[in-house]
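Heads up: the structure comes next, in structure tokens.
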Amino acid sequence: MDIYADTSFDLIVVGGGMAGSMAAIAAGRLGLKVLLLDEEGYLGGTLTACGTGPMMTFHAGEKQVVRGLGDEMIQRLVAKGLSVGHIPDSTGYTYTVTPFDAEGMKHELELMCIEAGVTLLFHTSFVKATLRDGLLSSIECLCAGNLFTLSAPFFIDASGDSDLIAMAGIPYEQGRESDGRDQPMTMNFKLVGVDIQVIRNLMDTDIELFPFLAPKAGLQHSASRLSFSGFQEIMMEGVKKGEITFDRDIVLCFETNAKNEVIVNMTRINGKNPVDPIALTGAELEGRRQVWELYSFLKTHIPGFENARLTYSGPRIGIRSSRRLKGAYRVTVKDLFAQTIFEDAISACGYPIDVHSPDGEATDTQFFPYGAFYTIPLRSLLNTQVPNVMAAGRNTSSEFEAHASLRVSPSCSAIGQGAGTAVAIAVKTGKDLFSIDIPLLQRTLRENGAFIG
Ligand SMILES: Cc1cc2nc3c(=O)[nH]c(=O)nc-3n(C[C@H](O)[C@H](O)[C@H](O)COP(=O)(O)OP(=O)(O)OC[C@H]3O[C@@H](n4cnc5c(N)ncnc54)[C@H](O)[C@@H]3O)c2cc1C
């Protein structure tokens, strides 16, 4: 198939992270001809490219509020032994975590796309948008020195950083309202050979080492893979002695689907703009420096890590927040606390507001009441100018702090399904994205397993 010459795509999705993959699969299953492109050579975005995990969280209390395609992907992984599914969060921070095998996820996402008839285009960067008569008519892409043009009647920007939205001249915002600063970037890394039983034993004997878990002591026994957040005093001592030279106050690790392998989510690169190439390069260099510093520190000071071996820091640093669409609706913190069920809800989320401070070592959390969840409205994916472009994923239109909740990967998977389904409804009813039949959209989402409140 000559993809370059093919002008018959109904939808082009830019970015194959959790949001873009689910958008493409949803639209493909509903009969659209979909092209999904990504600058990496695989799907999964932050989860597979940045060593991020576990997926956190599909639940609000006992209720599973993220279902649909994201959950289907997990159940397919569970059936193959590539995920243990949704298990209690033994950090004590949220309800459940969902560890997975990142290589398994890359493959499963490809299988789901191929089954849905989605055309994949890897190693392809979107670089330019062309508008005609108020619509985005085509995009220019780059792969290995080949510059080529692709066109379609509808586009979804699932690039995380809103690359397409920015280049199409659609309004966006970035960072904290007060000063434009983003949450820190983090270079996650993976260690094998961590003696998890040592940490489990400490949870039984010295629960005060694990402050979030302490009020829920015993929970760890029902977690087949261990997540842990603790050893604050040891960390602070390391900072005091200069063994840790960046702002971090706690050890935060997540056992993956593979026993005794952990994701370390601890480095912090603050004050650098994730969409500025020079700052981003600086962040990669600083991230790697912190990885090696931490690796040595953990092995020397944290029980169970003595024989750990560093195996992975991912092809790129993790970006928590960058450009967000300035959409037809901006999700607010008030909406989250009000547990708002929007009339045009397309997904739901029960994760707390989790701001890794742009200023220092702290993580500022605002928890919702037990079991509370909110929804995401279609309007927060829509802009007010270009009716054939929508956002999906962590670029959803929202206040900085509201974003710090809705950005997590289960939520992005559900937002992606909502976006892809919305385009399918637009195509089938011959409307643009500004006049979508909301009852039909919501009915279709529910028929396809989504939970929207
Ligand atoms: C350090 C860190 C830790 C995190 N920890 C967790 C956690 O434990 N649990 C959890 O659930 N969530 C976690 N998150 C959040 C979560 O992983 C992400 O917010 C979510 O996965 C984002 O999904 P997305 O699809 O919107 O975007 P992304 O995953 O960012 O995907 C965007 C995709 O677009 C592609 N792309 C970008 N620009 C272009 C372009 N111009 N052309 C072509 N392709 C492009 C990228 O290659 C990528 O594949 C973490 C995030 C970070 C950074």
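The values are calculated or read from the model by the stated rules, or taken from the named source; none is laboratory data. All values derive from a computational prediction rather than experimental measurement. All Cβ positions, even for glycine, are placed from backbone atoms using ideal geometry, and neighbour counts span all protein chains on display. These area figures cover heavy atoms from the full protein model, side chains too; ligands, DNA and RNA do not enter into them. Shrake-Rupley method; radii C 1.70, N 1.55, O 1.52, S 1.80 Å.
One chain, two ends: E293 and F337. Fully extended at 0.36 nm per residue, the span grows by 12.0 nm beyond their Cα-Cα distance.
Pairwise alpha-carbon distances in segment 272-356 exceed 15 Å for 74% of all pairs. Restricting the GluC sites (Glu not before Pro) of segment 268-331 to loop positions (DSSP other than H, G, I, E, B) with no more than 14 neighbouring Cβ atoms within 10 Å leaves E306. P(r) tail for the chain, what percent of Cα pairs lie past 36 Å? Looking at the chain, the distances longer than 36 Å represent 23 percent of pairs.
Computed from backbone phi, the HN-Hα couplings of segment 214-226 come to 3, x, 10, 3, x, 4, 4, 5, 9, 9, 6, 10, 9 Hz, rounded to whole numbers (Karplus: 6.51 cos²θ - 1.76 cosθ + 1.60, θ = phi - 60°; Gly and Pro given as x).
Computed in the context of the full set of protein chains, the accessible area of the chain at 1.4 Å probe radius has 52% of its extent on carbon or sulfur. The residues neighbouring G282, those whose beta-carbon lies less than 13 Å from its own, together hold a net charge of 0 under the Lys/Arg +1, Asp/Glu -1 convention. Close amide H contacts of V127 (hydrogens built in the peptide plane, cut-off under 5 Å, sequence separation of 5 or more or a different chain): E140, C141, L142. The length gained by stretching the chain between I114 and V192 to full extension, at 0.36 nm per residue less their Cα-Cα distance, is 24.8 nm. Helical content alone sets the calculated 222 nm signal of the chain at -9000 deg cm²/dmol, taking -39,500 (n - 2.57) per DSSP H segment of four or more residues and averaging over every residue. When the Cα positions of A328, G318, T256 are compared along the charge dipole of segment 256-334, A328 comes out farthest toward the positive end, with charges on each C-beta of Lys, Arg, Asp and Glu.
A simple rule links phi to the HN-Hα coupling: the Karplus curve 6.51 cos²θ - 1.76 cosθ + 1.60 with θ = phi - 60°, which for segment 300-312 gives 7, 10, 9, x, x, 9, 3, 9, 5, 10, 6, 10, 6 Hz, with x for Gly and Pro. Pairs from the table (K240/K272; K190/K240; K190/K259) lying more than 21 angstrom apart at Cα are K240/K272; K190/K240. Taking only the C-alpha atoms of segment 27-170, the Rg (one decimal) and the largest Cα-Cα distance, Dmax (whole number), read 17.6, 53 Å. Between amide H atoms placed 1.01 Å from N, distances below 5 Å from E255 occur with L226, S227, F228, I263, all of them 5 or more places distant or on a separate chain.
Counting 0.36 nm for each residue step from S357 to A5 and taking away their Cα separation leaves a gain of 122.0 nm. Applying the criteria of a DSSP loop state and at most 13 other Cβ atoms within 10 Å to the trypsin sites (Lys or Arg not before Pro) of segment 37-115 yields K80. Secondary structure note: in the chain, about 75% of the DSSP beta bridges are antiparallel. Here segment 133-227 is treated as a sphere whose radius is the Kirkwood value from Cα pairs; by Stokes-Einstein at 25 °C and 0.890 mPa s it diffuses with a coefficient of 128 µm²/s.
Per residue, the convex hull around the alpha carbon atoms of segment 99-166 comes to 122 Å³. In segment 189-312, the alpha-carbon atoms span a convex hull of 117 Å³ per residue. Pairs with C-alpha atoms separated by more than 20 Å, drawn from the list K216/K299; K241/K299; K80/K106, are K216/K299. Computed from backbone phi with θ = phi - 60° and the Karplus coefficients 6.51, -1.76 and 1.60, the 3J(HN,Hα) list for segment 435-445 is 10, 6, 6, 5, x, 5, 4, 5, 4, 5, 4 Hz; x is used for glycine and proline.
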